[in-house]
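Presented below is the structure to which this report refers.
Derivation of every value follows stated rules applied to the coordinates shown; laboratory data play no part. Because the structure is predicted, anything quoted here is derived from the model rather than measured. A quick note on method: Cβ atoms are made from the backbone with ideal geometry, for glycine too, and the neighbour counts reach across all protein chains shown.
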Amino acid sequence: MALIEIDDISVAYGTPAKTVLDSVSLRIEEGEFVCVLGQTGCGKSTLLRLVLGSEKPLAGRILIDGVEHHQPDRTRGYVPQRYSLFPDKTVLDNITFGPEVSEFGLFGHMTPSFYRRRRELRREAFGYLERIGLRESDSRKYPDQLSGGMQQRVAIAQALMTKPRILLMDEAFSALDPGTRRGMQQLIRELWKATGTTILFVTHNTQEALRLGTRVIVLAKDGPERGSRVKLDLPVPDPCFEEEIPHLVHRLESGAGWHAVSAHSC
């Protein structure tokens, strides 16, 4: 049984209804790093929200370990394109907030066991800070004192802190400058290899998808009135060497039947 089973899902928005995803089916095994490519508006982010459980399909179903989930939970971490940090909390408090609320609720500090568990969570958080390349002194800073790349590192640590089996990343590096972006690509690959987390990564950049993923899914429409379908499902060598990327870019774009996926260096 696949970890994620996307079974013939369709999604439509608006009045009159406009189909965004049309009969999409996918099977994603545990430990895969799957990148989802496609033009703007093809339903990449919608697919991610469906797996997260924050949206429901018009038809079809999504199973996690054979079970339908109708709302987000700790099995799925989420990193959006724009940083999801609380501006009034320090880096350390941002990283530990999710597990604290999940385990104790908003008023958990009134229980005797809260502070013992909080110390344990903070020790874990310092371990994640080290893994994402930040110093202990950074833990006391607020988000507006961090660069964009540092904020996104904290957002990743925030998501990983709940130990999700599935990490969902929605164009998480697109707002970063090229140098920072390459560093973040290397970081997430290293974290993926170290943790074995299943990653579903949305991007519009072909080269980024090939550098990161063990598999690339291309979503595209058959016509202006149709919703997106899976046009190509391409396994990627691990590791994928730089000299292989031009050939794979050509396979992706020609196999998808269009040439609008960004192939610029990232």
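Where does each of 176-189, 229-242 land if you order them by average Cβ count within 10 Å, highest first?
Per-residue Cβ counts within 10 Å, averaged per peptide and sorted highest first, yield 176-189, 229-242.
Restricting to DSSP H runs of at least four residues, report the calculated mean residue ellipticity at 222 nm for the chain, -39500 (n - 2.57) per run over all residues, nearest 500 deg cm²/dmol. Walk me through the numbers on the way to the answer.
On the way: 7 runs with 91 residues, N = 266.
Helix contribution divided over all residues of the chain: -11000 deg cm²/dmol.
Under 29 Å between alpha carbons: how many lysine pairs meet that in the chain, if sequence neighbours fewer than 8 apart on the same chain are excluded?
19
Looking at the chain, send over the antiparallel percent of its DSSP beta bridges, to the nearest 5.
50
Enumerate the amide H contacts of ARG215 below 5 Å, restricted to partners 5 or more residues apart or on another chain; note that Pro and chain-start residues carry no placed amide H.
PHE33, CYS35, VAL236
Arrange the peptides 60-73, 120-133 so that the one whose residues have, on average, the most other Cβ atoms within 10 Å appears first. Walk me through the numbers on the way to the answer.
Values: 60-73: 13.6, 120-133: 16.1.
Packing proxy ranking, top to bottom: 120-133, 60-73.
Under the Karplus relation 6.51 cos²θ - 1.76 cosθ + 1.60, θ = phi - 60°, what is the ordered set of whole-Hz ³J(HN,Hα) values for segment 60-72, x standing for Gly and Pro?
Whole-Hz 3J(HN,Hα) from phi for segment 60-72: x, 8, 10, 10, 10, 6, x, 10, 6, 10, 9, 7, x.
Mind ranking 196-208, 30-42 by how tightly packed they are, going by the mean number of other C-beta atoms within 10 angstrom, highest first?
Details: 196-208: 21.9, 30-42: 19.8.
The packing order, highest mean first, is 196-208, 30-42.
If you stretched the chain out fully between ARG119 and LYS89, how much longer would it get, using 0.36 nm times the residue separation minus the C-alpha to C-alpha distance? Display every interim value, and only then the final one.
Details: separation 30, 0.36 × 30 = 10.80 nm, distance 1.69 nm.
Additional length available on full extension: 9.1 nm.
Residues with amide H under 5 Å of GLN81's amide H, sequence separation 5 or more or different chain, H placed in the peptide plane at 1.01 Å from N; which?
ASP170
List the relative contact order of segment 86-163 as a percent without decimals, with contacts defined as Cα pairs under 8 Å and 6+ residues apart.
Relative contact order here is 50 percent.
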